[in-house]
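Trainee: Structure in structure tokens, see below.
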Amino acid sequence: MKKLCKCEKKAAPARSPGKVAAGILGKLALFGLGAFLVTFTIYMFNLENKLIYYVIRPFLNKHYDAQKRDRRIV
Amino acid sequence: MKNPITAFIDRKLQKFDPLWQSEHGTGGLRSRYYDKTGIAKYREWRGVHDTMLDYASWLKNLASMGVMVASAPLPVLKGIWEYRWMGSYLGTFAFIDRLFEGYRGPELKIAHMNMHAIVQSLTKKIALVLSNDRRLGGGPLTDNMVPMDEVLPPLFMCGFPNLIPIPLQTLPEFIICDIDQQLQPFYIDVAESFGLAADVCSRCSAETGVAFNDDFPLIGRAMLSTNMPCNASEATSMFQRRRVGLPDFPVTLAMIHNEPGAHPYSTQMLRDAIAFIEKEYGEKYDWDALFARAKQMNEQNTIELEKWDIFKTKYSALSGIAETLYRLYSWASVNGQEDYFTKNDRKVIKIMRRCYEKRHEPFGGRTRHRAFLWGPSAVYYTDFPTWTQNCWGITIVLNMDSTMGHNMIDTEDPEQAIKDLAEFSEKGVMRHHAVGGWDNVNAVWDWAKSFNCDMVLMNDNVACKGMNGVHAMMEEQARDLGFHFIFIEHDLEDCRTISRRDMRNNVNSYMSVVLGEEPLDPTLVDFDDSEAW
């Protein structure tokens, strides 16, 4: 009898559609939970506002102050 | 009925709720802020249900901003890089947090529904304007846009379905001052650096500064300016039309419009404005297109009048800034053009009816005074009504700006429709009350009485020459009629002259010295937010 080479894998038994759906739903739920944890942490600890106030706006303000504008009345 | 699990969690975590803290002397709404900056260490814990509602609303607003960037990634990025005022829009999340501090239950739900209507509309408008701004490369709709003065209600322009009216000053000057108090002083300084007087209305000064600094988006083929009878307003209209350099039609509506003779003049003015747009843009006015949008505006105004009936009771789930800001934006900027606002109004009135039927008292029944807010409010302190509620239990029942044009527009006869539009437009933002003659200013007492208010908060724009003239008369009448009356001094868009803290102290002094009351939340009485957006 021919031995299976180590590199050859046994064909996985076909999964029932219910199991496939459950797997997808499980992954979606896991993704949803992860997204919730990340966004809720940002929300609760006000991280986006801290980033904007302490990092992004000072950087932008420096840029705006260095801008050359066409400043005139008419 | 409350879910037993969330009720259990709420009981366990209630010590983190700032309203509970203020009642138990362990803190309050101001405890979670870093000094001066207005940046909170963490967001407000409002109990499971309301915190999740606030979080979901935050996500919805975030999604709207994501859609804005995704719909026009390059123009939006270019816009942030090009325009100082675009950078200020990054403060929107902190702005919304400030507005609805201390809100719970249906008050919070309605407030977020109204706010999201504004966010979804404003983000679309920003993407649209930047995508078609000639300065950033232009777009397919650049020539179809009609820049117009923001105090001119754009409803009559709906008769041009192929054109897009854009209130020119709203994005770089007005709305953004609500979000960031630090922005307009820059533009005011630009205007004054050219030798312009420093004692004029700061709103006009800021608009002028935006024009001088070349910070208006470049859109359209011709513009509609308008009149407001004060020296600064006339000046800024002239400066803007010269600098923008497009063919211009000044839509000078009648100011003293209570007299019957004024309406034919304003009606003819609208006809002339329509003729000007037809000529400049090569478009024919379509009355059916106008009627379609006027029906939306009529429905919104019908709902608004029903809201007013509920405002007169103590069972209104909508009050304060959730009412004021929404009405201001939906009337002055949207003005019947977006179905979203009609749908939102239908949902909000349903909640308000339900709350009224259940005799729901907003803000946990902590309201002590019902106030009518009169006069143009400080744009740099939009959350002032939230503060008065949370600190002293003064609920702002209605704001002067919310009483703008609420007459119905005829939707069948063009002759009647244009007359109705003239009357509607005469009662525009500030036009009707602040500069529309003594009777309209003095109407505050009838409004306050009709809405069962015991207090009038009178916004006192220190640079408004017209309103300065009525100071003593208003005080005398308040005394005669028995209203609690507080002048709230402010400088409209310049937070350096009179700070938010100074404005709060006007109320603090009256409430503690004259009325001898104790604050609901002592952490809110005196604090420094001078470096906040």
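Trainee: Can you work out which of the residues in region A:25-74 that are of a type in the set (Phe, Trp, Tyr) and over 23 Å from B:ASP180 (Cα atoms) is nearest to the other protein chains (Cβ to nearest Cβ)?
Mentor: First, pick out the residues of region A:25-74 that are of a type in the set (Phe, Trp, Tyr): A:31, A:36, A:40, A:43, A:45, A:53-54, A:59, A:64.
From what is left, the residues that are over 23 Å from B:ASP180 (Cα atoms) are A:31, A:36, A:40.
Working: A:PHE31: 15, A:PHE36: 9, A:PHE40: 6 Å.
Per the criteria, the residue is A:PHE40.
Trainee: Given the options B:THR267, B:THR342, name the one that is at pLDDT 95 or above and within 25 Å of the chain's Cα centre (by Cα).
Mentor: On the way: B:THR267 fails: within 25 Å of the chain's Cα centre (by Cα).
Unique residue meeting the criteria: B:THR342.
Trainee: Is at least one residue of region B:492-499 more than 14 Å from chain A (Cβ to nearest Cβ), outside any helix (DSSP H, G or I), more than 20 Å from the chain's Cα centre (by Cα) and polar (S, T, N, Q)?
Mentor: yes
Trainee: Separate question: If we keep just the residues of region B:177-227 that are part of a helix (DSSP H, G or I) and in contact with a Leu (Cβ under 6 Å, 6 or more places away or on another chain), which is nearest to B:SER333 (Cα to Cα)? Spell out the reasoning first.
Mentor: Of the residues in region B:177-227, the ones part of a helix (DSSP H, G or I) are B:177-179, B:184-192, B:202-212.
This time we only want the ones that are in contact with a Leu (Cβ under 6 Å, 6 or more places away or on another chain), so: B:202-203.
Working: B:SER202: 21, B:ARG203: 17 Å.
In this case the residue turns out to be B:ARG203.
Trainee: Going through B:ARG30, B:ARG46 one at a time, which residue ends up being away from every other protein chain (no Cβ under 11 Å), touching a Phe, Trp or Tyr at 6+ places or on another chain (Cβ under 6 Å) and of a type outside the set (A, V, I, L, M, F, W, C)? Quick ask: steps written out before the conclusion?
Mentor: Values: B:ARG46 fails: touching a Phe, Trp or Tyr at 6+ places or on another chain (Cβ under 6 Å).
Among B:ARG30, B:ARG46, only B:ARG30 is away from every other protein chain (no Cβ under 11 Å), touching a Phe, Trp or Tyr at 6+ places or on another chain (Cβ under 6 Å) and of a type outside the set (A, V, I, L, M, F, W, C).
Trainee: Do we have any residue at all in region B:72-86 that's surrounded by fewer than 18 Cβ atoms within 10 Å (Cβ to Cβ), closer than 30 Å to B:GLU283 by Cα, out of contact with any Lys or Arg (no Cβ under 6 Å at 6 or more places or on another chain) and away from chain A (no Cβ under 12 Å)?
Mentor: No, there is no match, as no residue in region B:72-86 is surrounded by fewer than 18 Cβ atoms within 10 Å (Cβ to Cβ), closer than 30 Å to B:GLU283 by Cα, out of contact with any Lys or Arg (no Cβ under 6 Å at 6 or more places or on another chain) and away from chain A (no Cβ under 12 Å).
Trainee: Turning to a different aspect of this structure: Among the listed residues B:THR313, B:THR302, B:THR267, B:THR324, identify the single one that is in a helix (DSSP H, G or I) and surrounded by fewer than 16 Cβ atoms within 10 Å (Cβ to Cβ). Explain how you work it out, then say what you get.
Mentor: Values: B:THR313 fails: in a helix (DSSP H, G or I); B:THR267 fails: surrounded by fewer than 16 Cβ atoms within 10 Å (Cβ to Cβ); B:THR324 fails: surrounded by fewer than 16 Cβ atoms within 10 Å (Cβ to Cβ).
Going through B:THR313, B:THR302, B:THR267, B:THR324 in turn, the sole match is B:THR302.
Trainee: For region A:46-74, how many residues meet the condition of being under 22 Å from B:ALA206 (Cβ atoms) and under 28 Å from the mean Cα position of the chain (by Cα)?
Mentor: Count: 2.
Trainee: Answer yes or no: is there a residue in region B:196-203 that is at pLDDT below 95 and within 14 Å of chain A (Cβ to nearest Cβ).
Mentor: There is at least one residue in region B:196-203 that is at pLDDT below 95 and within 14 Å of chain A (Cβ to nearest Cβ).
Trainee: When B:PHE483 is evaluated against the numbered criteria (1) touching a strand residue (DSSP E or B) at 6+ places or on another chain (Cβ under 7 Å); (2) within 30 Å of B:GLN21 (Cβ to Cβ), which criterion, by number, is the only one it fails?
Mentor: That leaves (2) as the condition not met.
Trainee: Against the condition in contact with a His (Cβ under 6 Å, 6 or more places away or on another chain), at pLDDT below 90 and of a type outside the set (D, E, K, R), how does B:ASN468 come out, does it pass?
Mentor: Numbers: in contact with a His (Cβ under 6 Å, 6 or more places away or on another chain): no; at pLDDT below 90: yes; of a type outside the set (D, E, K, R): yes.
No, not satisfied.
Trainee: Shifting gears a bit: Could you pull out the residue among B:ALA211, B:ALA206 that is touching a residue at least 60 places away in the same chain (Cβ under 8 Å), small (Gly, Ala, Ser) and either crowded, with 23+ Cβ neighbours inside 10 Å or closer than 26 Å to B:GLY79 by Cβ (or both)?
Mentor: Working: B:ALA211 fails: touching a residue at least 60 places away in the same chain (Cβ under 8 Å).
None of the other options fit; the residue is B:ALA206.
Trainee: Just to be sure I understand, how many residues within region B:238-257 are more than 14 Å from chain A (Cβ to nearest Cβ) and either surrounded by 14 or more Cβ atoms within 10 Å (Cβ to Cβ) or without any contact (Cβ under 8 Å) to a residue 12 or more places away in the chain (or both)?
Mentor: Going residue by residue through region B:238-257, those that are more than 14 Å from chain A (Cβ to nearest Cβ) are B:247, B:249-257.
Imposing the further condition that a residue be either surrounded by 14 or more Cβ atoms within 10 Å (Cβ to Cβ) or without any contact (Cβ under 8 Å) to a residue 12 or more places away in the chain (or both) reduces the set to B:249-257.
Qualifying residue count, region B:238-257: 9.
Trainee: Let me ask you something else. Out of all the residues in region B:365-400, which are in contact (Cβ under 8 Å) with a residue 60 or more places away in the chain and β-branched (Val, Ile, Thr)?
Mentor: Matches in region B:365-400: B:VAL379, B:THR382, B:THR386, B:THR388, B:ILE394, B:THR395, B:ILE396, B:VAL397.
Trainee: Got a sec? Which of B:LEU59, B:LEU130 is more than 14 Å from chain A (Cβ to nearest Cβ) and either out of contact with any strand residue (DSSP E or B) (no Cβ under 8 Å at 6 or more places or on another chain) or of a type in the set (Ser, Thr, Tyr) (or both)? So that I can check it myself, show each step before the final result.
Mentor: Numbers: B:LEU59 fails: more than 14 Å from chain A (Cβ to nearest Cβ).
None of the others qualify; the one that does is B:LEU130.
Trainee: Moving on. Hey, could you check region B:51-61 for residues that are crowded, with 17+ Cβ neighbours inside 10 Å and touching a residue at least 24 places away in the same chain (Cβ under 8 Å) and say which is nearest to the chain's Cα centre (by Cα)?
Mentor: Only one residue fits best here, namely B:ASN61.
Trainee: Then there is this: Search region B:21-50 for residues being part of a helix (DSSP H, G or I) and closer than 22 Å to B:LEU520 by Cα, and hand back the single one that is nearest to the chain's Cα centre (by Cα). Even if it seems obvious, please write down each step before you answer.
Mentor: Narrowing region B:21-50 to residues part of a helix (DSSP H, G or I): B:21-24, B:48-50.
Then drop every residue that is not closer than 22 Å to B:LEU520 by Cα, which leaves B:21-24, B:50.
Details: B:GLN21: 31, B:SER22: 29, B:GLU23: 31, B:HIS24: 35, B:ASP50: 25 Å.
The selected residue is B:ASP50.
Trainee: Also, I was wondering about something else. So which residues in region B:423-450 are at pLDDT 95 or above and either touching a Lys or Arg at 6+ places or on another chain (Cβ under 9 Å) or small (Gly, Ala, Ser) (or both), if there are any at all?
Mentor: Residues satisfying the conditions are B:ALA448, B:SER450.
Trainee: A further question on this structure: Taking the conditions exactly as written (more than 24 Å from the chain's Cα centre (by Cα) and within 30 Å of B:ALA198 (Cα to Cα)), does B:MET255 satisfy them or not? Before the answer, list the steps.
Mentor: Numbers: more than 24 Å from the chain's Cα centre (by Cα): no; within 30 Å of B:ALA198 (Cα to Cα): yes.
Spelling it out, it is not the case that B:MET255 is more than 24 Å from the chain's Cα centre (by Cα) and within 30 Å of B:ALA198 (Cα to Cα).
Trainee: Does B:GLU23 qualify as being closer than 20 Å to B:LEU524 by Cβ, out of contact with any Ser or Thr (no Cβ under 8 Å at 6 or more places or on another chain) and more than 9 Å from chain A (Cβ to nearest Cβ)? Steps first, please.
Mentor: Details: closer than 20 Å to B:LEU524 by Cβ: yes; out of contact with any Ser or Thr (no Cβ under 8 Å at 6 or more places or on another chain): yes; more than 9 Å from chain A (Cβ to nearest Cβ): yes.
Here the answer is yes, as B:GLU23 does meet what is asked.
Trainee: On to the next question. If you scan region B:166-196, which residues turn out to be farther than 24 Å from B:VAL76 by Cβ and in contact (Cβ under 8 Å) with a residue 12 or more places away in the chain? Write out each step before concluding.
Mentor: Our first condition is that a residue be farther than 24 Å from B:VAL76 by Cβ; within region B:166-196, this holds for B:185, B:188-196.
Matches in region B:166-196: B:PRO185, B:ILE188, B:ASP189, B:VAL190, B:ALA191, B:GLU192, B:PHE194, B:LEU196.
The values are calculated or read from the model by the stated rules, or taken from the named source; none is laboratory data. The shown structure was predicted, so the numbers you read here are calculated from the model rather than taken from an experiment. Because the Cβ atoms are built from the backbone with ideal geometry, glycine has one as well, and the counts that use them run over all protein chains shown.
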